1. When segment 16-54 is examined, which residues are found to be of a type outside the set (Gly, Ala, Ser) and within 14 Å of the chain's Cα centre (by Cα)?
2. Evaluate segment 62-80: report whether one residue or more is over 30 Å from Arg133 (Cα atoms) and either within 15 Å of the chain's Cα centre (by Cα) or not in a helix (DSSP H, G or I) (or both).
3. Step by step: first the residues of segment 3-55, then only those that are of a type in the set (D, E, K, R) and without any contact (Cβ under 8 Å) to a residue 60 or more places away in the chain, then the one that is surrounded by the fewest Cβ atoms within 10 Å (Cβ to Cβ). Which residue is that?
4. Which of the residues spanning segment 148-178 are in contact with a Ser or Thr (Cβ under 8 Å, 6 or more places away or on another chain) and closer than 17 Å to Tyr73 by Cβ?
Amino acid sequence: MRVIALVGFRQASIDSIASAADVSATPIYWHFGNREGLLVALAKRITETYSREVLSEWRLRGARSPEERIRGYLAAMLRVAIQQPEIVRAHTALSSEGVTLVGLRDGIRQFNREARRSVYDAIEAGVAEGTFRPVGASQWVDFLIGSLLGASIQAGLHREGFDSAILFQSVHDNALLMLGLNPRLDIGLNRD
């Protein structure tokens with residue numbers, strides 16, 4: 001995941017991935033068959049991570065209404081982007097590069113649909129009941145993931161004296177404003 005997050009899927013060779021994992025290429029071929037098999041396994045892992053984080057956040061918050069579900073989803077996504085930025089970067093590489101590979105296109109799209117379905121449902125329900133501004137659910141999720149990618153890249157570029165919490169706060173606030181929701185001024189990000 002780290003190699004693909006760093007250089008993208010097309011540039012990540014089996015040898016560079018094996019080297020980063022401190023193994024020979026043989027076990028990678030044995031377990032995954034080829035680069036495409038590795039991509040599918042990575043897509044599943046990312047989807048499972050997102051799903052696990054979102055579901056745990058929803059359970060923690062007791063999210064029932066569309067607004068509670070979206071706020072929980074947003075909190076979970078911010079936590080993943082801050083604590084595991086390589087997942088956001090790898091997800092973007094998969095979404096942008098993986099769908100161009102004919103043998104993987106349908107699988108990647110299916111993984112994305114599965115990971116996003118509950119969020120789409122919450123947005124569509126919020127729009128239908130008039131709680132949210134009319135907005136396309138897939139466009140909202142794409143905005144959020146793209147913004148989180150940009151914020152995580154910027155945070156990674158600036159190490160000393162850079163307050164990345166401001167970037168993530170901005171992503172949070174703008175995602176909620178897109179839906180017509182009050183962003184609530186502080187999301188409680190650790191300013192380390």
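1. Leu42, Lys44, Arg45, Ile46, Thr47, Glu48, Thr49, Tyr50, Arg52, Glu53, Val54 - these are the residues of segment 16-54 that are of a type outside the set (Gly, Ala, Ser) and within 14 Å of the chain's Cα centre (by Cα).
2. Checking segment 62-80: not a single residue is over 30 Å from Arg133 (Cα atoms) and either within 15 Å of the chain's Cα centre (by Cα) or not in a helix (DSSP H, G or I) (or both).
3. If we filter segment 3-55 for residues that are of a type in the set (D, E, K, R), which is where we start, we get 10, 15, 22, 35-36, 44-45, 48, 52-53.
Then keep just the ones that are without any contact (Cβ under 8 Å) to a residue 60 or more places away in the chain; that gives 15, 22, 35, 45, 48, 52-53.
On the way: Asp15: 11, Asp22: 6, Arg35: 19, Arg45: 13, Glu48: 13, Arg52: 12, Glu53: 20.
The selected residue is Asp22.
4. Selection gives Leu149, Ala151, Val171, Asn174, Ala175.
Every number in this text was worked out from the coordinates using simple rules, so none of it is lab data. Keep in mind the model is a prediction, meaning the values are calculated, not measured. Neighbour counts run over all protein chains shown; Cβ positions are idealised from the backbone, glycine included.
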